[in-house]
Amino acid sequence: MDTPRAAIVLLSGGLDSATTLAVAKAEGFAPIALTFRYGQRHAAEVDAARQVAAAASVREHLFVDIDLRVLGGSALTADIPVPKDRDLSGFEIPSTYVPARNTIFLAYALALAEVRGAQDIYIGVNALDYSGYPDCRPDYIAAFENLAALATRAGVEGRPTRLRAPLLHLTKPEIIRRGLVLGVDYGLTRSCYDPDERGRACGHCDSCRLRLAAFAQLGLTDPAPYRTPVDDVRAAMRPPAPGAPEDRS
């Protein structure tokens, strides 16, 4: 029996990265999980990443400390309010965008891939439900893969690194459906940008709303903990029915 090839998997502890880890395993790779503590306010996701990796029987899980609070510029790394209940139909880049975050993370993943002899890096970016982040688009993924071929010894010697983004063109409900087929326990994952001290999700940031809406579309209840019961949060997200009086209380 062939030994599974190693692949680096960026694992944040969120829904998308947990699904990506499951996909990497299903595609025959032995994942090396890579998680970053970058000064993010939603540090509960780091603990979630640890649990997700353990549940997936990942043999090697590395944690890297980078304090992006030194740079600031994001609601996740600076004293900037996390936007809540905003209109998600627009294309403006929200304040939760962390400048160059995926480029920084992928640079570490690329170096680790060279050291471990891995030719594949998995990242859970999504071009549909991506909140307007520029480093979650197909052209960005293609550009970084080209950079990897030029900037590494492995690439110059004819062993270029492949950047795999299996969720790139899936909707959030499709991502969840795929993960459930692969056995992902979404109760272990954390996606909220502004959780409380107990790690419970706020239910109102972009990430929470996209996640809640996706589970609702599938007729499922999100198993992650929320400060407010999920049914109450989902009810608050629904627009008033045509002709219904607006609640101004």
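Miscellaneous remarks
- Scan of segment 110-131 for residues that are surrounded by fewer than 17 Cβ atoms within 10 Å (Cβ to Cβ) and out of contact with any helix residue (DSSP H, G or I) (no Cβ under 9 Å at 6 or more places or on another chain), ordered by number: Ala111, Val115, Arg116
- Residue, farthest from Arg159 (Cα to Cα), within segment 8-36, restricted to residues that are over 17 Å from the mean Cα position of the chain (by Cα) and of a type in the set (A, V, I, L, M): Ala26
- Any hit, segment 175-182, residues being outside any helix (DSSP H, G or I), at pLDDT 95 or above and farther than 27 Å from Pro83 by Cα: yes
- Members of segment 126-160 found to be in a loop (DSSP other than H, G, I, E, B) and touching a residue at least 40 places away in the same chain (Cβ under 8 Å), listed by number: Asn126, Ala127, Leu128, Asp129, Ser131, Gly132, Tyr133, Thr152, Arg159, Pro160
- Per the listing Leu170, Leu163, the residue uniquely within 19 Å of the chain's Cα centre (by Cα), surrounded by 15 or more Cβ atoms within 10 Å (Cβ to Cβ), at negative phi and in a loop (DSSP other than H, G, I, E, B) is Leu170.
- All positions within segment 21-43 that are among the small types (Gly, Ala, Ser) and assigned to a strand (DSSP E or B): Ala30, Ala33
- Residue count for segment 85-111, restricted to those that are in a loop (DSSP other than H, G, I, E, B) and either touching a strand residue (DSSP E or B) at 6+ places or on another chain (Cβ under 6 Å) or not polar (S, T, N, Q) (or both): 13
- Taking the listed residues Val46, Val52, Val58, the one that is in contact (Cβ under 8 Å) with a residue 24 or more places away in the chain, surrounded by 15 or more Cβ atoms within 10 Å (Cβ to Cβ), of a type in the set (A, V, I, L, M, F, W, C) and assigned to a loop (DSSP other than H, G, I, E, B) is Val58, with no other qualifying.
- Restricting Leu34, Leu71, Leu76 to those that are within 21 Å of Ile104 (Cα to Cα) and in contact with a Leu (Cβ under 7 Å, 6 or more places away or on another chain) reduces the list to Leu34.
- Residues of segment 187-233 satisfying the condition of being outside any loop (DSSP other than H, G, I, E, B) and either in contact with an Asp or Glu (Cβ under 8 Å, 6 or more places away or on another chain) or under 19 Å from Gly39 (Cα atoms) (or both): Ala201, Ser207, Arg209, Leu210, Arg211, Leu212, Ala214, Phe215, Val230
- Filter result for the condition that a residue is surrounded by 15 or more Cβ atoms within 10 Å (Cβ to Cβ) and in contact with a strand residue (DSSP E or B) (Cβ under 9 Å, 6 or more places away or on another chain), over Ser17, Ser74: Ser17
The values are calculated or read from the model by the stated rules, or taken from the named source; none is laboratory data. Please read all numbers here as calculations on a predicted model, not as lab measurements. Methodologically, a virtual Cβ is constructed for each residue, glycine included, from the backbone with ideal geometry; neighbour enumeration extends over all protein chains shown.
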